[in-house]
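Coordinate-derived values only; no laboratory data. Source: prediction; values computed, not measured. All Cβ positions, even for glycine, are placed from backbone atoms using ideal geometry, and neighbour counts span all protein chains on display.
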Amino acid sequence: MAAPDVRFRRLAEQVADELRRRILSGDLADGSVLPTEDELLVEFPISKPSLREAIRILDAEGLLSVRRGKLGGSVVHRPSASNVAYTMGLVLGANQVSLGDVGSALQQVEPACAALCAQRADRASVVVPVLRQIHAEAVESVDDLVAVTSASRRFHEALVQHCGNETMIILAGALEKLWSSHELSWSRQFTDHASIPVDERRAALEDHRTLIDAIDAGDAERARELAATHLLDAQHYPGSAGVVDPATVRTRTRSS
């Protein structure tokens, strides 16, 4: 006979497994709210502590977030690159991996995503308009370091998000989320904005424009080369020598 705590854990995991299956299959839609505790206890004849442990398991996985108060409940979150980024951040942080190491990985995978964008037959309608819109927003906000940094990071994330390869979207997307979370945190805390001249910001945005043109033309090799060169020039900011901090990723994941 199983010990009480083992049985408690097993029941919680069984319920978590079923709810997880429903989230992944889409039976529980992203943004929807789980049935109430009383309703779940009717469907799953287990104790309240076991049910709450199941919810806690899914909350820790990023598949649910628990809201308190009158509008409380457990909100469903379909897994995304942000979830992967947080888990990756935990592992990298535990191993004291530097942000420079993350940047080096991006230098390998992001150019491949840029090339894949250029190879898409539907790039003129699916990829290029998105990149040009983000680029226009970045140019418009170039005098504001926080705003232009945010737009720039959205540009890099969009390169991955629209590459057309689902595995790359998740893996490279997680790396992008890691880098973005730290760079955006830095831009908000950094007070000496003048140390990064506006002309330097404009030069980085010009790299983006040239890259968009290469993707628009379907020139995969040029897109790859431009992306690689740009990353070598652009991947520097005062906090980039530090260690990966998963708390920074969690903050952005919860707010996005």
Whole-number percent relative contact order across segment 81-255, with pairs defined as alpha carbons under 8 Å at least 6 apart: 44
Nearest-0.05 FRET efficiency for Val91 and Arg52, computed from C-beta distance (R0 22 Å): 0.20
Segment 63-209: C-alpha gyration tensor shape, a/c 1.5 cut-off, then a/b vs b/c: rounded
FRET efficiency, Arg10 to Glu166 (Cβ-Cβ, R0 51 Å, nearest 0.05): 0.95
Most positive-pole-ward Cα, Thr149, Val244, Ala234, against dipole of the chain from beta carbon charges: Val244
Partnerless cysteines, meaning none of the other Cys C-beta atoms lie under 4.7 Å away, in the chain: Cys117
Relative packing of peptides 172-183, 143-154 - highest average C-beta neighbours within 10 Å first: 172-183, 143-154
Cα shape, segment 4-76, gyration tensor, a/c 1.5 rule: prolate
Length added when fully stretched, Gln119-Asp207, from 0.36 nm per residue minus Cα-Cα: 29.7 nm
In sequence order, calculated HN-Hα J values of segment 213-228 (Karplus, 6.51, -1.76, 1.60; Hz; x Gly/Pro): 4, 5, 5, 4, 6, x, 8, 5, 5, 5, 4, 4, 5, 5, 5, 5
About the Cα centre, charge dipole magnitude for the chain (Lys/Arg +1, Asp/Glu -1 at Cβ), debye: 940
Theoretical ellipticity at 222 nm over the chain - DSSP helices of four or more residues, -39500 (n - 2.57) apiece, nearest 500: -23000 deg cm²/dmol
Segment Val139-Ala234, length gained on full extension (0.36 nm per residue, minus Cα span): 32.6 nm
Linear extension gain, Ser104 paired with Glu200, 0.36 nm per residue minus alpha-carbon span: 32.4 nm
Placed amide H near Leu64: partners under 5 Å, 5+ positions off or other chain: Asp59, His77
